[in-house]
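Below is one structure, written out as structure tokens; the observations come after it.
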Amino acid sequence: MHSLATAAPVPTTLAQVDREKIYQWINELSSPETRENALLELSKKRESVPDLAPMLWHSFGTIAALLQEIVNIYPSINPPTLTAHQSNRVCNALALLQCVASHPETRSAFLAAHIPLFLYPFLHTVSKTRPFEYLRLTSLGVIGALVKTDEQEVINFLLTTEIIPLCLRIMESGSELSKTVATFILQKILLDDTGLAYICQTYERFSHVAMILGKMVLQLSKEPSARLLKHVVRCYLRLSDNPRAREALRQCLPDQLKDTTFAQVLKDDTTTKRWLAQLVKNLQEGQVTDPRGIPLPPQ
């Protein structure tokens, strides 16, 4: 264990005072009486203290205290009795874990300790109340911070867990914001070669992903969201890089992505328009056509 007192010196007196407060709050996490306020203060400061993650990880009892906060609300999940106060408190703990997840010095240890698995019970919840929605969104944020790093070890770890079906369920029935983060996580897994191979390895896996993406396109045609559509299109485009998936997508790509359904939504989004055009092109290439230029049905 490293002592907090050995952290790098900070030039200004004011910053030093702030730093002393950070040390104090971290120490206060270990005590149940002072923990709630310390969680709140540290979560507010996490953006402005670049080395907060190593300080949290290497200080005595801190990660255990954060995990205790998570485990403490498991009984409120089923039956779903989570209050706004409980949700806010545990989300402050999750915000600090997100900080640890996204820091290069602590990410590997965070994965090796399998800490993301403690959040999966929250992703399993289906209650639509605000406290649960906030809990799911914040938990997804921790996984999102992990995949955003584009590290192979993150994808390798996630593929050993149930994250894909969990994301797919949220993509189907979550709030727009939760759907967006869940789709972003799936997109990042697909963009990794190992992730793409994993999803296209069996027809069951591919068809589950394709079915949910198809439902989302249908939903987006009724309630458009440019941001969510962007991630959905990117998932489809990446799937089309796999020969077997490309063959299947020729049969099951939703018509709304081939016609002008989303022309208005995407009129100012050149990137997504380009991805969509590339997707359609990928699906047309390599098709067997008869002399009149009409694609022949697969034998």
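The values are calculated or read from the model by the stated rules, or taken from the named source; none is laboratory data. Keep in mind it's a predicted model, so treat the numbers as computed, not measured. Counting neighbours? That spans all protein chains shown, and the Cβs are built from the backbone with ideal geometry, glycine included. These area figures cover heavy atoms from the full protein model, side chains too; ligands, DNA and RNA do not enter into them. Shrake-Rupley method; radii C 1.70, N 1.55, O 1.52, S 1.80 Å.
List of remarks:
- Any hit, segment 282-296, residues being modelled with pLDDT of 95 or more, farther than 23 Å from ARG136 by Cα and of a type outside the set (Val, Ile, Thr): yes
- Whenever a residue of segment 164-176 is among the β-branched types (Val, Ile, Thr), its partners that are modelled with pLDDT of 95 or more, lying with C-beta atoms within less than 6 angstrom and at least six residues away or across chains, give the pairs ILE170/SER178; ILE170/ALA182.
- Check on LEU82, open to solvent by less than 60 Å² (accessible area, probe 1.4 Å), of a type in the set (A, V, I, L, M), at pLDDT 95 or above and not in a helix (DSSP H, G or I): yes
- Matching residues, segment 23-47, being over 17 Å from GLU69 (Cβ atoms) and either outside the structural domain of ALA95 (by the TED database) or at pLDDT 95 or above (or both): TYR23, GLN24
- Those helices (runs of 4 or more DSSP H) lying entirely in segment 185-241 with at least 3 residues of a type in the set (S, T, N, Q) and closer than 15 Å to LEU168 by Cα: none
- Set PHE110, PHE122, PHE132, PHE118: member being farther than 19 Å from VAL181 by Cα and surrounded by 18 or more Cβ atoms within 10 Å (Cβ to Cβ): PHE110
- The residue of segment 218-254 that is most open to solvent (accessible area, probe 1.4 Å), among those that are of a type outside the set (D, E, K, R) and over 24 Å from the mean Cα position of the chain (by Cα), is GLN251.
- Hits in segment 77-97 - residues which are under 23 Å from the mean Cα position of the chain (by Cα) and either closer than 11 Å to ILE26 by Cβ or polar (S, T, N, Q) (or both): GLN86, SER87, ASN88, ASN92, LEU96
- Filter result for GLU153 (open to solvent by 60 Å² or more (accessible area, probe 1.4 Å), in contact (Cβ under 8 Å) with a residue 40 or more places away in the chain and charged (D, E, K, R)): yes
- For LEU186, the requirement of being crowded, with 22+ Cβ neighbours inside 10 Å and not polar (S, T, N, Q) is met.
- Of the helices (runs of 4 or more DSSP H) lying entirely inside segment 120-181, those containing at least 1 residues that are of a type in the set (A, V, I, L, M, F, W, C) and more than 22 Å from SER108 (Cα to Cα) are 120-123, 130-147, 163-173.
- Meets criteria (in contact (Cβ under 8 Å) with a residue 12 or more places away in the chain, closer than 26 Å to PRO165 by Cα and not hydroxyl-bearing (Ser, Thr, Tyr)) for PHE60: no
- Within segment 110-119, the only residue that satisfies the criterion of being part of a loop (DSSP other than H, G, I, E, B) and in contact with a Phe, Trp or Tyr (Cβ under 9 Å, 6 or more places away or on another chain) is HIS114.
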